[in-house]
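Some notes on the structure that comes next.
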Amino acid sequence: MTMNHQENDQLRVSAHWLQVLLQGFSGLGLDSHALLATAGIRAQELQVADARIDLTRTLKLWQAAAQACEGSLGLKLSEYLTPLHFPLLAMNLMHSRCLLDALAMAGRYSAVISEGGSFALEEKEGLITLMYNPASDGFSRHQIDAVLLLLKRFGEWLYCRSVPPARVLLGFEVQEDAKEEYTRAYGCLPEFGASCHALVYESGWFRRPLPGGDPVLAQMHRRMLEEQMERVQQPAVRIRVERSLQEAVHLATDREEIAAKLNMSGSTLQRRLAEAGTSFQQLLETERERRATQLLSFTRLPLADISELLGFADSSAFSKAFRRWQGMSPLQYRQKQ
C-alpha cells in the first residue's frame, strides 16, 4: 500500500503508545528528548489525556531511534514491551473465551493504540496466519518486529506459557549475521522476503480456553474500550483546526475566523485548544513553517509573494519568523535546498 505524506497526517497514534516507546528507547540508552525534537513532537503533546499524534511524525520518531541505535531496534525493544503497557486492552483480551476471540477483539480495537496498521486472520490446513498490514510504506522493519513480537508476547501472556510459532513471515531482508538474533527473538528462523508480515500457528492453540476467560468481566471491560474508541474516532478540535489551516488558500486568518468555520466562539476554541495542550497561534505558526519550507523548496515564488500567502505584513516580518523557525534566512534555506 502506498500512502502519501498528507494521508499519513490524517492517521493517528495514541500518545500513550509513544510514551511507552520513549521509555523503551531510553532503556536502550537513547536520548528521548533528542528523538522527539528530530520528529517534531513536543513533549507537552504527549501529556494530554487521549492525545493522538499523526503517523508522519511517529514514523520520523522511529527513523530517528533506528539511526541512533546499534543493532536491531525492534528486537531489542520487544524485550521491554509487555501486555501490561496496555492495561485496558490486556484486561479485555485476558477475559476472552479463547485466543481466536481475543485476536478478533484486538483487531477491532487496535485503533485505540494506533491507526498505523491493521490485522487479518487466515485459516488453512490446520494453521492460522496472523498478518500485520502497515498503513504506510514508511514503516521500517523495526516497527514490524516490535508489533509482531508484542503480539507473540500477548499470546504467551494469555496462555501463561511459551507458544512458539510454526512459521514467521517477514516482508524484508536482513544481513546474514542478524538471523541468529531473529531466531532467538521469534523462536524459529523467519522466512525473509515474504509477501507479508505474519505469525503462523497451529489452529488448536487459538481455540483452547483461556485461563482468565470470564464473560461478565469481558463485557464490562468491553464497554470501557467502546467509550475510548468513540473518543478516538471523533476528530479532536486540534485536528479540525490543523485541517482548516492546511486547507486554507492563504494564512492571513485569525482564531475568530477559524472558530466560525468550526461553529464555535473564539473563546471556546481557545479553551478547548488549551485543554489539548496547544493554542491557535502555535498551530498557525506550525502550518506557516510547514508551508514556508515547501514553497521555498519547490517553487520560485518571490519572498514577497510567499510572505503574503503566509499572512505576514511584509517580507521583513516573514524573514524574522523564518529565522526563528529554521535558524537561517529564507534565501539561505532556498539556496541550501
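Bear in mind these aren't lab numbers, they're just calculated from the coordinates by the rules spelled out. Because the structure is predicted, anything quoted here is derived from the model rather than measured. Positions of Cβ are generated from backbone atoms using ideal geometry, with glycine treated the same way; all protein chains shown enter the neighbour counts.
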ask   = Where Rh is the Kirkwood radius over the Cα pairs of segment 177-303, the temperature 20 °C and the viscosity 1.002 mPa s, what D in µm²/s does Stokes-Einstein return?
value = 105
Whole-number Å³ per residue for the convex hull built on Cα positions in the chain = 151
request  = Give me the distance in nm between label points sitting 7 Å out from Cα along the Cα-to-Cβ direction at residue 314 and residue 173, one decimal.
outcome  = 5.9
ask   = Under a point spin-label approximation (7 Å from Cα along Cα-to-Cβ), what is the residue 160-residue 250 distance to one decimal in nm?
value = 6.9
message = Below 8 Å, C-alpha to C-alpha, sequence gap of six or more: please give me the relative contact order for segment 236-337 in percent.
response = 26
key: Cβ-based exposure ranking for 62, 157, in which fewest neighbours within 10 Å come first   = 157, 62
task = Please work out the ratio of the alpha-carbon Rg of segment 237-336 to 2.2 N^0.38 Å and round it to two decimals.
result = 1.13
remark   = Computed from the beta carbon distance with a Förster radius of 45 Å, FRET efficiency for residue 263 and residue 328 to the nearest 0.05 stands at 0.65
remark   = Given a Förster distance of 56 Å, the FRET efficiency implied by the Cβ-Cβ spacing of residue 67 and residue 274, rounded to the nearest 0.05, works out to 0.95
Point-to-point label distance, residue 305-residue 43, nm (Cα→Cβ direction, 7 Å offset) = 4.3
note = Cα pairs beyond 24 Å in segment 40-138, in percent, come to 35
request  = Quote the relative contact order of the chain in percent (integer), defining contacts as alpha-carbon pairs under 8 Å separated by 6+ residues.
outcome  = 16
Of the GluC sites (Glu not before Pro) in segment 26-116, those whose Cβ has at most 13 other Cβ within 10 Å and which sit in DSSP loop = 70, 79
ask   = Which of the pairs 76/124; 124/152; 60/261 have their Cα atoms more than 26 Å apart in this structure?
value = 76/124; 60/261
request  = Could you run the Karplus curve 6.51 cos²θ - 1.76 cosθ + 1.60 with θ = phi - 60° over segment 121-136 and give me ³J(HN,Hα) per residue in whole Hz, x for Gly and Pro?
outcome  = 10, 9, 10, 7, 6, x, 10, 10, 9, 9, 9, 10, 10, x, 7, 8
task = Excluding residues fewer than 8 places away in the same chain, name every one of the aspartates and glutamates whose C-alpha is closer than 20 Å to that of residue 179.
result = 70, 79, 145, 191
key: Max mean-square fluctuation residue, GNM over the chain, Cα-Cα springs under 10 Å, options 165, 134, 87   = 87
